[in-house]
Amino acid sequence: DKTEILWLHTENGVDFSPKSLSLVFEGNMLKEVTDGWFLFKIGSTQINISSQEAVKIARNAAKDFTWRANGVEVTDFNVLEDPVTVLFHPSLREDLLLIPYWHVTLYLDAVYAGGINRITVGVWADNGKIAQIKAVTG
């Protein structure tokens, strides 16, 4: 009854899902089209940082990370060894250029001020630099 067709750009073994064309059919009717094919350009296919290296980089970044919640600055928190979630998803860096990217989620040992129980860290897979770091509620 429902069918989705997804074409995504792959270059040098890297899947660039934002650079894709999606068609969703219900019955025999086209219900949805999502077209990012011509919107995005590939900025790099270099993956110089492995997922394990990305986790190490994220853990180091978390050591100096702080956040404010309800007027309180949180500086003392504990990051668990497990679980850790690592997702590979090319993201935009500049001028609609897609760059390989690791999205690392580090889980905390408790719920801290502001309902925070995780820290997410974005790591560029080509150069290992931190793209972003955020405190997240769960």
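The values are calculated or read from the model by the stated rules, or taken from the named source; none is laboratory data. Treat the numbers as computed from the prediction; the structure is a model and nothing was measured. We place every Cβ from the backbone using ideal geometry, glycine too, and count neighbours over all the protein chains shown. Keep in mind that these areas ignore ligands, DNA and RNA; they rest on the heavy atoms of the full protein, side chains included. Shrake-Rupley method; radii C 1.70, N 1.55, O 1.52, S 1.80 Å.
Considering only alpha-carbon pairs that sit under 8 angstrom and 6 or more positions apart, the relative contact order computed for segment 1-134 is 22 percent.
Only Cα pairs under 8 Å and 6+ residues apart enter the sum, and on that basis the relative contact order of segment 53-124 stands at 32 percent.
Quick check on packing: order 14-27, 113-126 by the mean number of other C-beta atoms within 10 Å, highest mean leading.
Numbers: 14-27: 15.4, 113-126: 19.1.
Result, highest mean Cβ count within 10 Å first: 113-126, 14-27.
Which residue, chosen from N70, S20, G128, occupies the Cα position most advanced towards the positive end of the dipole of the chain, where the dipole is computed from +1 (Lys, Arg) and -1 (Asp, Glu) charges on Cβ about the Cα centre? Value: N70. Per-residue ellipticity at 222 nm, computed for the chain from helices alone with -39500 (n - 2.57) per DSSP H run of at least four residues, works out to -3000 deg cm²/dmol.
Report for the chain the percent antiparallel among DSSP-assigned beta bridges with both residues inside it, nearest 5. Of the beta bridges lying entirely in the chain, close to 95 percent run antiparallel.
Where nothing but the Cβ of Lys and Arg (+1) and of Asp and Glu (-1) is charged, how large is the charge dipole of the chain around its Cα centre, in debye to the nearest 20?
On the way: 12 positive and 17 negative charges, 55 e Å.
Taking the Cα centre of the chain as origin, the dipole is about 260 debye.
Short-range pairs are left out: with C-alpha atoms under 8 Å and at least six residues apart, the relative contact order of segment 1-69 is 23 percent. From the coordinates of this entry, P(r) over Cα pairs in 10 Å bins from 0, in percent is computed, and it appears in [x] 10, 29, 35, 21, 4, 0; [y] 12, 32, 26, 21, 8, 1; [z] 12, 40, 32, 14, 2, 0 under the label [y].
Over segment 1-128, accessible surface divided per residue gives 60 Å², non-protein components excluded, 1.4 Å probe.
Atom-type composition of the exposed protein surface of segment 1-90 places 49 percent of the accessible area on carbon and sulfur (1.4 angstrom probe).
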